[in-house]
Each structure stands twice: as C-alpha cells, then as structure tokens.
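One structure is given below, represented as structure tokens, and several questions about it will come after.
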Protein chains: 4
Amino acid sequence: MAIRTVVWGENVHEQTSEVVRAIYPDGMHETIASALRQDKAFDVSTATLQQPEHGLTAARLAETDVLLWWGHAAHGEVEDTVVEAVARRVWEGMGLIVLHSGHYSKIFKRLMGTPCSLKWREAGERERAWAINRGHPIAQGVGECIEIAETEMYGEPFAVPEPMETVFVSWYEGGEVFRSGMTWQRGAGRIFYFSPGHETYPIYHNEGVRQVLRNAVHWAHNPAPAWSTVTEAPNVPVAAAREKIVQKGGRLHADGDKGLS
Amino acid sequence: MAIRTVVWGENVHEQTSEVVRAIYPDGMHETIASALRQDKAFDVSTATLQQPEHGLTAARLAETDVLLWWGHAAHGEVEDTVVEAVARRVWEGMGLIVLHSGHYSKIFKRLMGTPCSLKWREAGERERAWAINRGHPIAQGVGECIEIAETEMYGEPFAVPEPMETVFVSWYEGGEVFRSGMTWQRGAGRIFYFSPGHETYPIYHNEGVRQVLRNAVHWAHNPAPAWSTVTEAPNVPVAAAREKIVQKGGRLHADGDKGLS
Amino acid sequence: MAIRTVVWGENVHEQTSEVVRAIYPDGMHETIASALRQDKAFDVSTATLQQPEHGLTAARLAETDVLLWWGHAAHGEVEDTVVEAVARRVWEGMGLIVLHSGHYSKIFKRLMGTPCSLKWREAGERERAWAINRGHPIAQGVGECIEIAETEMYGEPFAVPEPMETVFVSWYEGGEVFRSGMTWQRGAGRIFYFSPGHETYPIYHNEGVRQVLRNAVHWAHNPAPAWSTVTEAPNVPVAAAREKIVQKGGRLHADGDKGLS
Amino acid sequence: MAIRTVVWGENVHEQTSEVVRAIYPDGMHETIASALRQDKAFDVSTATLQQPEHGLTAARLAETDVLLWWGHAAHGEVEDTVVEAVARRVWEGMGLIVLHSGHYSKIFKRLMGTPCSLKWREAGERERAWAINRGHPIAQGVGECIEIAETEMYGEPFAVPEPMETVFVSWYEGGEVFRSGMTWQRGAGRIFYFSPGHETYPIYHNEGVRQVLRNAVHWAHNPAPAWSTVTEAPNVPVAAAREKIVQKGGRLHADGDKGLS
C-alpha cells in the first residue's frame, strides 16, 4: 500500500518574492512533492497555509502517513488547533519531516519542548552535509556528503533535545557547523529535521537533497495501526488488575470515577 | 553557595480532603520541603497555586536553582504565562523535579512535547521502585529498591520521550510496571520525573523517597551561569563570520534586518 | 527479496537435559526457526555451536541479514575469531537479536562494552512483559503485554548501556522488574535483546513471544549495502581535501604513509 | 576530598620525535597534568606505558577517581589485563577521559563495542570546536567555540555508539566536520572523548583546551561508592524473593548452585 504523503508549504515568499518565484515557480511544496513523486511507493499531495484549516483537516490527517513541513514567514498564522491536531497524529504514529526554517514552526517547537533557536546568515555560502552513520536509511545513496553550492548558514547551538540519532552534520564556508539531520521519536511517531532548504537558493533541486527527502519518508513511515488511545489516562479497576489485589488505604476517587489520573 | 530550591505545591486536596490533611497537615509542599531541609546545602522555600503568580514571579524564578512541582487537581488553573516563564528558566539552566501526578501538569507536558499519559489505580497496593543504575547520583543511599507499602499504581505505557537515563522502574502488586524515575535534558536544564507520591498515602514520609528527593536536587542543579540567550536566533553578518566569505546569491534580508530566522 | 535469517543455537542442554529435550525435541534453534518460518518474507536457516566455525563462516555471515543468538552453558566455547567476525558483520549492517541467557554471550558483551550482568532465579514464576511504546514495530500484535506462565526471573540492575529504546519491561511474581526488550545501534547494525526464553519452560512456543521474534527480524533488517569500510581509518591527503588547503606545521607522517590513524 | 586524577601518557613520540619533544619537553602527560594542576580540587599524578603494569596497578586504579588517556603509536603494547582492569574500574564508577588518538586505544574500543574508526589528515589546518550545549558543565568558560590554529583533521564518520550528549562539533579548514566532544555512561562510569590533541602541534597549551580538560574531570567524577558488584550475576533464591512464591516447573539448577546465570 502506498505511503500517503502530504507536503505542507507555507506558500508566502513564492507569492511575494521574485527571487523565490524564479526558483520555485509552482511553489516550494510542488518542487518538494516532485522529488517524492520519483518514488512510486508514495502517494503524494500538497497542502498550503491559505487553504481552509491550512489543508490539514482532521479527516485528511487521519489518512496521512507522513507529513513534510516547510514554513518561514508566517509561522504565527498557523492556527493552534491545527498544530494540536498534527501533534496528536504524530503521537499516534504519523511521520513528520520538518524542513529548514520549519525549525521555528509551532509544530516543531510543540513537539520538541525547547526553543529550537539557532544562528543564521543569508550569504549564499557553501555547505557540505556529512553523513554520520553511513548505514542509516536516511543517508542511503548520497555518498559521504551532500555539497550545496549556495546556502543559508544555520549554526550551533541548535536548542533541541538530544536526538535519537545524528544523521548529518553540516560544514559552512563561513566557519560554522550544524547538526543538519536529526531524528526523534514522539509517541508512535518518528520525526526527522533536515536543515538545507532556504528559499532563495535552488536547494530542493539538488539531487542529494531530493534523495534524502525520499529516504526520510520511508524512514518516518510507521505502518502500525494508529495508537489512537495515546492521549488517554485510563483507570484500571481493582477487579481488572492482572494480579488479585484488595482495595486498601485512603481514596480520593470512588469506584467508577473518571478521576484526575 | 546554597542551592536555592523551591517546592511548588498545588495545595488543594490538603484543604478539601480529610484523608490528605491527616497525612500532610501543613500541606504536601511543607513535607517535601522538610525532606530537603535535612540537607544543609539547600536553601529551601515553598510556593503554592493560590499565591499571586502562583508564587513564581520572574524575580523569584531568576533566583531559583531547582524547582520541585507537585500538582494534581488544578493543573488547568496554572496560568500559561507562569508555565512559559518556568519553561524558559529550565532552558536557561534551572533544574526541575516533577512529582507523581505532575506528569499531567502543563509544565511537564510543555517540556516533553508528548501526552504524558499513563494508566492508574488508586487501591493502596504495594510498590517497589528498583534502582536501574546503582551508580547514578539520584539512586545513592536507597539500596537496591524502595519499598512503598501503599501506593497509587501508575502503569505503562507512559507517553514521554525516551529518557536520557532510566533511574528507577517500579513493580506493583496488581501486576503492572512503570518507569518511575527518568531524566531528560532540555536546553541547559535537567529534568527528573519521580512517580511515587499520591496524596492519600504517607509516601513523602518514606525515608527512601526523601533521600531520592535530596539526591535529585543535587543532580538537577546546574551551577553554570544562566543561558540567557537560549531563545534567541541571532544573525551572524558576513563581516563577523569566522572565515572570510563574500555575499552571494539571492536574498530575502537586507543588511541589518532582524530577519525571520 | 527474502530477509536471510540465521538462528544460532548452542544446542547443549537439549542434548544433556531430559527436561529441555521434552520441550524442544528438535533443539531450541529449530523451535525458534519455526516461529520465523511462519513469515514468508524470511529465508530461515539454523547454525549450532558444534558445527565447524559454529556454522558461522565468513561466507555465510556475508549472506546473513539478521542473526538470532541463543546460548547459555557454553559461551566460553565460542571461538573468539567467530565472535569478531559476527561483530564486524553487525557494524556493517547485519541485525542481531540476542535471546535470554545470550546476555552473557561473548558477542553481546563485545558489542555492549559492559558486564551485561543481572540477577536471576529459576523458580517457574509468572512474568508479564509490558509494551512500553505501543507504536514500536517490535511490539506490534501482542497487545499491552505478554503473559508467560512460567519463567526464569531476570532482575535489575542489568548492566548494559542506556538503550536507544526500551520496548518491553517485565513484571515478575517474586517482586522484581527487568527491561526485557531493548534496542541499540552499533555501526550500521541494529541490536535487539529480548529476555524471555529459559530452556526449561516452553517459552518459544508462546504465541506472543513468537510474534516478537518475527517483528524483531523485520526491525533489525537493514537493507542498505554493507558498510564494508566501517573498520578503516583512511587518510585524506591535502590534495584530496574538499576545500583548498596547504600543508603546515610539524608532521609525523610523510606523504603516502598508511599512518597510525 | 580531592578528585584523584591520573593522566596516562604513552610517552613514545616524545622520546623519538624532535618535533614532539620541542613542544612537550616533559612529555605530553606532564603538560596535560599541568592543566589539571591549575585546579586545586584535583590531586594529579601521571602514569606511562613504560612503567610496570603501565603504571596502572589494581591498587592504584582503586584509588583513582578519573583517568585521562593519551596514546597513539603503541596501542598494541598495552597489556590486555590492564585494559580489563581499567574497564572494570570504569564500570565501578571511575571517570575516563579519552584524548585524540586514544580513539583507537584498546580501552576505548573495549568500552564502545564499535570500531571507533574515522578519517584523518595531518596538515596543520585550522579547527574550530563549537559548543553544542552552552549549559553543559564540560563547555563552561570557553565561549561559543575553541579556535585551534593548527590541528590534525579527524573526520566523520566516527564509528562510535550514539552518545549520551554531543558537547562539541568541530569545523576544519579542509572541509570536514567531527563530533569532537561526546559523552557516554558505562555502568557507574562516565566517559568523555575529546578529539583535539595531535602531538605535533601545541594543542595542550591552548587555554580553551586546558579548560575543557579541567571541566571534564569535574564532570566525570562520580563520588558514589564503587559499584563493586557490577560484574556479578547473583542468584536470588525463592526464600529471598521480595514476594512469596513457590518453586514450580522444570529446573537446571539445584538449590545453592552458582549457576550459569
């Protein structure tokens, strides 16, 4: 069964900047989607900020296996209810791939629990993203590193939780480094952050970057049934205990109470 | 210099439940504070929900090295602005120790980025919290396990991110298990969650539990200067780059822009 | 393409103990293999201690995607050269599933770098292995826990490195707990340890346990090409540097030296 | 009480290379020790390969809180029995700081369980070690990065297990990156690897590097009593179980057997 993949794009600078439109005439989300469509295992669609519920209704999220997120200028315009719905789907098992300036998106900060801050410089300098674990599924097919001719520098410290795995670390011409590819697990959902992708450079036309995006969708896909009860805190009554016990001690709750937890 | 420690208590059930008041006549926060006051390295005070800003003004947080958090009935009454202020202090380096039902507090969920859900049963059953790493600072002085005669069961799955270290795992009479002591790092701040502590049992009078609280304060204390810029995303201009580079390529930002990041 | 899976069995107690032979008349490795053969995606064979090179020649290892390891009485009889060959294949990308008393095998201790010690009791008590992350691939299809009527108790502390993920934690009738399912990554290889499986009880006939074995083979399989250079420390000459540099400073090595590292 | 710190130096190139002797006339171990002696909390001594048992007798190791290890040309001359004794002390709680070419030492490979391979180039190029977590104890006092004028390049992939924390990442003039400071926990012992330190450059005279060494000794010191039973696998008899159970099922072991585990 196809991996149902949605590319979410903010779609703002493509409308307002000649520089960006020249590189991504159909929008960045469509260029990202075109990379994924090279893999026939994926069923790829797009969604944008401007659509009702930003194109991410509960029904659509329920049918999404992996979501890619690119945003920059309009993080604040994303509705909190949509952010919560996406977070819940990640906990249930949807994969999430956060791209570049998405480090400051509401959804990424929500799932990390940290500021997700970093240093930056928009100078078109050279970047080289080195694969840390050659055997990692996300690093397949790109050799020892990905060369990016012109990039925005993102520099450490990057205020995120220690990752499950560091997949890429980037070198910059101006002297900085950045952990440019990292993974985390949140509930049943896998999260991958990948930093290359500033909108004024043709980075999503880079073959190595496009390969990483495809690899990441495969990696982030969790085929298990959705963990639909992940937000519940159920009471286990004495009568349902796996070992026979008797009620003892003081109580706040009477039998059958929903409880505070 | 003393470790400035604040015990935050919700202080609700102590006022409304005869059962709880009988065990904690001065409030749970005072009993927890009494455990800490046995260590002369700590300067211990308390704060409660009912105080202005819940007793956690910016000025007080700035002078707090380690914060302990116990809440249960009134998580929803904690002001979001206070939650954000506490989160920021954790990122800057304040230690945070979250106790028992605090698993569902706004601050813990904020820092974990997950539902923090679990199973529970209030039946006064026996719990045995086993030390996983005998050499861990938080497990010192309690032997191979802590026996708790009557407890509320908290059962897996506990929906938190994979911890930095699993320090305790608990066995319950009714047949469940729980990762009852775990650590995480968020920014410069260390976080410890410890599950024993239901208000209808005298758990904070247990010597092993009290030892763990003292150990945890020492462990969570980060003596480094506050990482006050942890939420900032500074631009590094071309002229300030460590290696000489020249501006190239398309740009969104003009020189001196504050930028989007 | 089929996942080429080898079940390695020590095959000692099956020959010397009536109790064990009654439960595993064809050897434990054959019963384990029978669980895997229920999945047509696997190409399953077995190997035993008594075969030349313990059935694990370099040629066979090179064609093995996932290796399962059960040993107990004769860890010391496993040749060090075979242990090193297996370790190397794990680093290259072969999955390794270590079962029960294999915690004390040479290969597991080699890859962990720790004593891998634990507590134990052979009393036929009840065990309940709880799934920690319901969404983890290895925990699929077994519900919230696996009940094992008679088991050998393995108790904490289990002296292994902090895992990548804790997948199962076990409860024992006698009062102990154990992290009974854990994962680690070593080089390109994935490692899963699963503790149920003492030879005097019919544990590998338990459907939940058999499901976990199948799940674990899928999880441990890394389809990437073998990372054949994982043990090499190559020199990158000045002329081959990605950025133009000039030779400076003192040197130990002349051009073309193989070097010390 | 002072932190008893031993600096172990291979002391080979200092004897054979004019270049190295000019920089480290008393041996590299003495220069490293001189950095530590600036902190009065440490009781610092040195040991070298050429001494009986390489200066690391069981008695001395028992009285060592933190061991620093620098070796390069003669890893193979270190006796396996000494390596095992050091590993055991780490598991018991001794801190271990492995420096530069020590990545290929027997003791580091023993504790990591991986090849510990990397890329290298001895060209006197510039290195900049960036602090990843500004609040980490090991990164205190060095600012956002350490500049090293001439260094040996160590490049990824570095085949070690995913660390507990990545503390430094290095940028190199020739275009590579390296996770130059990482931590791991093994048993009760803390391990820190720090890559700067090639013998043909005056790196251990660099103030930032010297600060890191002092910080690392503080961080690696575990004041808990030695976990002296860490390698034991004790039987817990039925009569000693915390919960009352009765012996059931088949058995390999009779009462009182030492057992296989």
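Tell me, what is the 1.4 Å probe accessible area of A:Tyr104, in Å² to the nearest 10?
So the heavy atoms of A:Tyr104 present about 40 Å² to solvent.
How far, in whole Å, is the closest Cβ of chain D from the axis that maps D onto C, and which residue does it belong to?
That would be D:Gly113, 2.
Residue farthest toward the positive end of the dipole of chain D, with Cβ of Lys/Arg at +1 and Asp/Glu at -1: which of D:Thr16, D:His29, D:Ile107?
Final value for the positive-end residue is D:Ile107.
Run through all the Cα pairs of chain D and give the fraction in each 10 Å bin from 0, expressed as whole percent.
7, 29, 34, 16, 7, 5, 2, 0
In degrees between 0 and 90, to the nearest 10, how far off the longest principal axis of chain D does helix D:80-92 point, with axes built from Cα atoms?
Approximately 70 degrees, to the nearest ten.
To the nearest 20 debye, what charge dipole does segment B:3-220 have about its Cα centre, counting +1 at the Cβ of each Lys and Arg and -1 at the Cβ of each Asp and Glu? It would help to have the intermediate numbers written out before the result.
Numbers: 20 positive and 29 negative charges, 129 e Å.
Value, rounded to 20: 620 debye.
Something else now. Round to the nearest 10 and give me the degree value, 0 to 90, for the angle of helix A:207-220's Cα axis relative to the longest principal axis of chain A.
10 degrees
Could you sort A:Arg88, C:Arg110, B:Arg121, A:Arg214 by their accessible area in this structure, using a 1.4 Å probe and putting the largest first?
Result of the area sort, largest leading: A:Arg88, C:Arg110, A:Arg214, B:Arg121.
Quick one: work out the % antiparallel among DSSP beta bridges in the protein assembly as shown, nearest 5. Intermediate results must be reported in sequence, preceding the final value.
On the way: 100 of 186 bridges.
So the antiparallel bridges in the protein assembly as shown amount to around 55 percent.
Counting only DSSP beta bridges with both residues in chain A, what percent are antiparallel, rounded to the nearest 5?
Given both bridge residues lie in chain A, the antiparallel proportion sits at roughly 55 percent.
Taking the Cα centre of each part, how many Å lie between segment C:196-229 and segment B:138-170?
Using only Cα atoms, the two centres lie 28 Å from each other.
Just need the Rg to Rh number for segment C:64-142, please, alpha carbons only, Kirkwood Rh.
On the way: Rg = 14.8 Å, Rh = 14.6 Å.
Looking at segment C:64-142, the ratio lands at 1.01.
For B:Thr31, what accessible surface area do you get with a 1.4 Å probe? Give it in Å², rounded to 10.
20 Å²
A 28 angstrom limit on the alpha carbon distance is what I want to check against. Which of C:Lys106/D:Lys248; C:Lys106/D:Lys244; C:Lys119/D:Lys248 exceed it? Don't jump to the answer; show the numbers that get you there.
Working: C:Lys106/D:Lys248 30 Å; C:Lys106/D:Lys244 35 Å; C:Lys119/D:Lys248 18 Å.
Violating the 28 Å limit, Cα to Cα: C:Lys106/D:Lys248; C:Lys106/D:Lys244.
Follow-up question, since we're still on this one. Using a 1.4 angstrom probe on the protein heavy atoms only, could you order B:Lys119, B:Lys106 from most to least accessible area? Provide the component values of the computation, followed by the final result.
On the way: B:Lys119 15, B:Lys106 65 Å².
Per-residue accessible area, sorted high to low, gives B:Lys106, B:Lys119.
Using a 1.4 angstrom probe on protein heavy atoms only, which residues from segment A:237-251 are buried by at least 50 Å² of accessible area when all chains are present rather than their own chain alone?
Residues of segment A:237-251 that lose at least 50 Å² of accessible area once the other chains are added: A:Arg242, A:Glu243, A:Ile245, A:Lys248, A:Gly250.
Next question, about the same structure. Counting only C-alpha contacts under 8 Å and six or more residues apart, can you give the relative contact order of segment A:3-220 as a whole percent? Kindly include the intermediate steps, with their values, before the conclusion.
Numbers: 481 pairs, mean separation 47.7, N = 218.
Once normalised by length, the contact order is 22 percent.
Can you pull a Stokes-Einstein diffusion coefficient for segment C:111-220 at 25 °C (0.890 mPa s), Rh from Kirkwood over Cα pairs, as a whole number of µm²/s? Write out the running numbers ahead of the final one.
On the way: Rh = 14.1 Å.
Approximately 174 µm²/s, per Stokes-Einstein.
For segment C:37-91, what is the per residue volume of the convex hull drawn over the alpha-carbon atoms, in cubic angstrom?
On the way: hull volume 5.2 nm³, N = 55.
Roughly 95 Å³ of hull volume per residue.
Taking the label point as lying 7 angstrom from Cα along the Cα-to-Cβ axis, what are the distances from D:Glu232 to the corresponding position in the remaining copies, in ascending order and in nanometres?
Listed shortest first, these distances are 4.6, 4.8, 5.5 nm.
Per-residue ellipticity at 222 nm for chain D, helices alone: DSSP H runs ≥ 4 residues times -39500 (n - 2.57), over residue total, nearest 500 deg cm²/dmol? Could the numbers behind the result be given before it?
On the way: 7 runs with 58 residues, N = 261.
Helices in chain D give a 222 nm mean residue ellipticity of -6000 deg cm²/dmol.
Any idea how far the Cα center of segment D:64-119 sits from the one of segment D:1-56, in Å?
Cα centres, segment D:64-119 to segment D:1-56: 15 Å.
From the residues A:Val98, A:Gly174, A:Pro223, which one has its Cα farthest along the dipole of chain A in the positive direction, the dipole being from +1 and -1 charges on Cβ of Lys/Arg and Asp/Glu about the Cα centre?
Positive-end residue among those listed: A:Pro223.
For C:Glu53, place a label point 7 Å from Cα along the Cα-to-Cβ direction in every copy; what are the distances to the other copies, in nm, shortest first?
Copy-to-copy label distances for C:Glu53: 4.0, 5.9, 7.1 nm.
Oh, and also: Could you provide, to the nearest whole Å², the per residue accessible area of the protein assembly as shown with probe 1.4 Å? Before the final figure, lay out each step's value.
Numbers: 33220 Å² over 1044 residues.
Heavy-atom SASA per residue in the protein assembly as shown reads 32 Å².
Using the 2.2 N^0.38 Å rule of thumb for compact globular proteins, work out how the protein assembly as shown stacks up: its C-alpha Rg over that value, please.
On the way: Rg = 28.2 Å, N = 1044, 2.2 N^0.38 = 30.9 Å.
Dividing the Cα radius of gyration by 2.2 N^0.38 Å gives 0.91.
What does the charge dipole of the protein assembly as shown about its Cα centre add up to, to the nearest 20 debye, if the Cβ of each Lys and Arg holds +1 and the Cβ of each Asp and Glu holds -1?
Numbers: 100 positive and 132 negative charges, 1 e Å.
Dipole magnitude for the protein assembly as shown comes out near 0 debye.
May I ask for the accessible area buried between chains B and A, both sides summed, probe 1.4 Å, to the nearest 100 Å²?
Approximately 5200 Å² gets buried when B meets A.
Counting alpha carbon pairs within less than 8 Å and at least 6 residues apart, what relative contact order, in whole percent, applies to segment B:149-243? Intermediate results must be reported in sequence, preceding the final value.
Values: 94 pairs, mean separation 19.6, N = 95.
That works out to 21 percent.
Given the options C:Ala22, C:Ala35, C:Ala239, which has the most mean-square fluctuation in a GNM of chain C, springs set between C-alpha atoms less than 10 angstrom apart?
Result for chain C, Cα springs under 10 Å: C:Ala239 fluctuates most.
Using a 1.4 angstrom probe on the protein heavy atoms only, line up A:His72, B:His218 by accessible area, largest first. Show your work: numbers first, answer last.
Values: A:His72 5, B:His218 85 Å².
My answer, sorted largest first, is B:His218, A:His72.
Sticking with this one: As a test question: what accessible area, to the nearest 10 Å², does A:Asp43 have when a 1.4 Å probe is rolled over all protein chains in place?
90 Å²
When the accessible area of the protein assembly as shown is split by element with a 1.4 Å probe, what percent falls to carbon and sulfur?
Numbers: 17090 of 33220 Å².
Heavy-atom surface of the protein assembly as shown belonging to carbon and sulfur, 1.4 Å probe: 51 percent.
The values are calculated or read from the model by the stated rules, or taken from the named source; none is laboratory data. Just so you know, these numbers come straight off a predicted model, no measurement behind them. Glycine gets a Cβ as well: all are built from the backbone with ideal geometry, and neighbour counts include every protein chain shown. When the accessible area is computed, the model is the full protein with side chains, heavy atoms only, and any ligands, DNA or RNA have been set aside. Shrake-Rupley method; radii C 1.70, N 1.55, O 1.52, S 1.80 Å.
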